[in-house]
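The values are calculated or read from the model by the stated rules, or taken from the named source; none is laboratory data. Here the structure is a predicted model, which is why all the values come from computation and not from measurement. Here the Cβ positions follow ideal geometry from the backbone for every residue, glycine too, while neighbour counts run over all protein chains shown. We work out accessible area using only protein heavy atoms, side chains counted, and drop any ligands, DNA or RNA first. Shrake-Rupley method; radii C 1.70, N 1.55, O 1.52, S 1.80 Å.
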Amino acid sequence: MKRQLLTLCAASVMLVATGLVQAQDETPASDGQAVTIYNEGSALIQDRRTFTFEAGANIINFTDVAASIDPTSVNFTSLTDPEGTIVLEQNYVYDLVNSSALLERYLDETIQITTEDGSVYTGQLLSGREGSVILQLDSVEVVVIQIDKACDIRFPELPEGLITRPTLRWLLNSAEGDEQQVELTYLTYGMSWEADYNILLGSENDTLDLNGWVTLDNRSGATYTDALLKLVAGDVNRLPEPDVRGFAMEEDIMMEAVPTAPAVEQREFFEYQLYEVGRPVTIADNETKQVEFVTGTDVTADTFFVYDGSPYAYGYRSLITDQYYGETGLSDVGN
């Protein structure tokens, strides 16, 4: 019988599971991605991939989607045969492999635990909650083992249903058996952007050098490789229940050819400002990336001073409407 090894010594976890690789290889590499990031913390993702379908019912897995995905916003389309490909079911599978999930799946099964002192226990798993494992040994004796005292835990073969990455799974019917390119569109949280500017004032205070950067923050749980990147500035109003139709009107814009110059182009998009990056950008998960969007040297500058005669007051959290406020702090300012 195949067994999988979960090592817990020194607070580390290692799972040797040959059955995990097969599930990951079922999804082909991306044919191209487009990412539109809104500056209030969400993003619209478009991902195209090519699958080989059989005529009739098919089950396909779409891995490497964002862990922070909004499952209600998912839209699946066959670009090759939209009329002959019908989606019957759509599932978001997020029961990822971890020690707690394995212990839950192996209730009433026989497992083996080796503790730090070298003791080996083999028995039926009765519970694996609250930081301890309860086993009924072959001798009918019941033993309680603290998880932090376990050196390794051995399980039978990996149970069905557990995966290593968040996955979208479809049951669909295809009229023909052939390769098809499909497009997945969804909304995810955990992505944001903001503009940062660095200004270097000249020695004579009459010129300056300017660098403007777009700072991207990706905490969505997915990496986007060589993606067409667009940024939207403005408050996005959403319905109480998320609805991907509110973003569908941008679909035609996202996949347009990206201009080669300038590096970042600004244009109007309804009541928003849309910025398009003129080259593919890779945005890794848990990464903060800066993309230069404006630069200038020896820009003419005027220097002036502003004096506020109002003393700083603590405790004010709203607009001050008193027209006489601050007069007590007035003083002469010399040139």
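Note on region 88-106: residues that are at pLDDT 80 or above and open to solvent by 60 Å² or more (accessible area, probe 1.4 Å) total 4.
Residues of region 59-67 include none that is surrounded by 15 or more Cβ atoms within 10 Å (Cβ to Cβ), of a type in the set (Ser, Thr, Tyr), at pLDDT below 85 and not in a strand (DSSP E or B). Among the residues making up region 151-184, a single one is modelled with pLDDT of 75 or more, closer than 15 Å to Ile111 by Cα and out of contact with any helix residue (DSSP H, G or I) (no Cβ under 8 Å at 6 or more places or on another chain): Arg154. Among residues of region 124-150 being on the phi < 0 side of the Ramachandran plot and more than 40 Å from the chain's Cα centre (by Cα), the one that is modelled with the lowest pLDDT is Ser139.
Scanning region 207-227 for any residue that is under 27 Å from Asp64 (Cα atoms) and among the aromatic types (Phe, Trp, Tyr) turns up at least one such residue. For region 35-55, enumerate the residues that are in a strand (DSSP E or B) and open to solvent by less than 20 Å² (accessible area, probe 1.4 Å). Val35, Thr36, Ile37, Tyr38, Ser42, Ala43, Leu44, Ile45, Gln46, Asp47, Arg49, Phe51 - these are the residues of region 35-55 that are in a strand (DSSP E or B) and open to solvent by less than 20 Å² (accessible area, probe 1.4 Å). The residues of region 185-201 that are among the β-branched types (Val, Ile, Thr) and modelled with pLDDT of 90 or more, listed by number, are Thr185, Thr188. Report whether or not Ser192 is among the polar types (S, T, N, Q), in a loop (DSSP other than H, G, I, E, B) and open to solvent by less than 50 Å² (accessible area, probe 1.4 Å). No.
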